[in-house]
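Enquirer: Questions regarding the structure given below will be posed in turn.
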Amino acid sequence: MLRAVGDGEAAWAIAIVLFAALAFVALFFRWRNHRRIAPILLAGIGFLLIAFTMMISYERLIELVGFAFLCVGTFVDWRIGLGRGSDVA
């Protein structure tokens, strides 16, 4: 399943995917408050790219693009929270 070379690399890959999933889940719970699709869509694409590159075929560029999507999704969600006031942020 994992294409990582050693056990240490496999552990890192699993940890990275789990934390990316945790970030996506956190954004999903915030999405339930504001119902804007952009943050969850961007973060979802980022999570899928990260999971693909960690579990299937490692490519540094795909990994970086995945993290960029996850970060942009988080930033957009944060900006939406600022616009709604302190009840969401």
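Enquirer: Inspect the range 6-20 for any residue being within 14 Å of the chain's Cα centre (by Cα), among the aliphatic types (A, V, I, L, M) and within 19 Å of PHE75 (Cα to Cα) and give the result as yes or no.
Expert: yes
Enquirer: Looking at LEU41, LEU61, LEU70, LEU49 in this structure, which one is open to solvent by 90 Å² or more (accessible area, probe 1.4 Å), within 17 Å of LEU22 (Cα to Cα) and not small (Gly, Ala, Ser)? Reasoning before the result, please.
Expert: Working: LEU61 fails: within 17 Å of LEU22 (Cα to Cα); LEU70 fails: open to solvent by 90 Å² or more (accessible area, probe 1.4 Å); LEU49 fails: open to solvent by 90 Å² or more (accessible area, probe 1.4 Å).
Matching residue, one of LEU41, LEU61, LEU70, LEU49: LEU41.
The values are calculated or read from the model by the stated rules, or taken from the named source; none is laboratory data. Just so it is clear, the model here is predicted, and its values are computed rather than measured. The accessibility values were calculated without ligands, DNA or RNA, using every heavy atom of the protein model including side chains. Shrake-Rupley method; radii C 1.70, N 1.55, O 1.52, S 1.80 Å.
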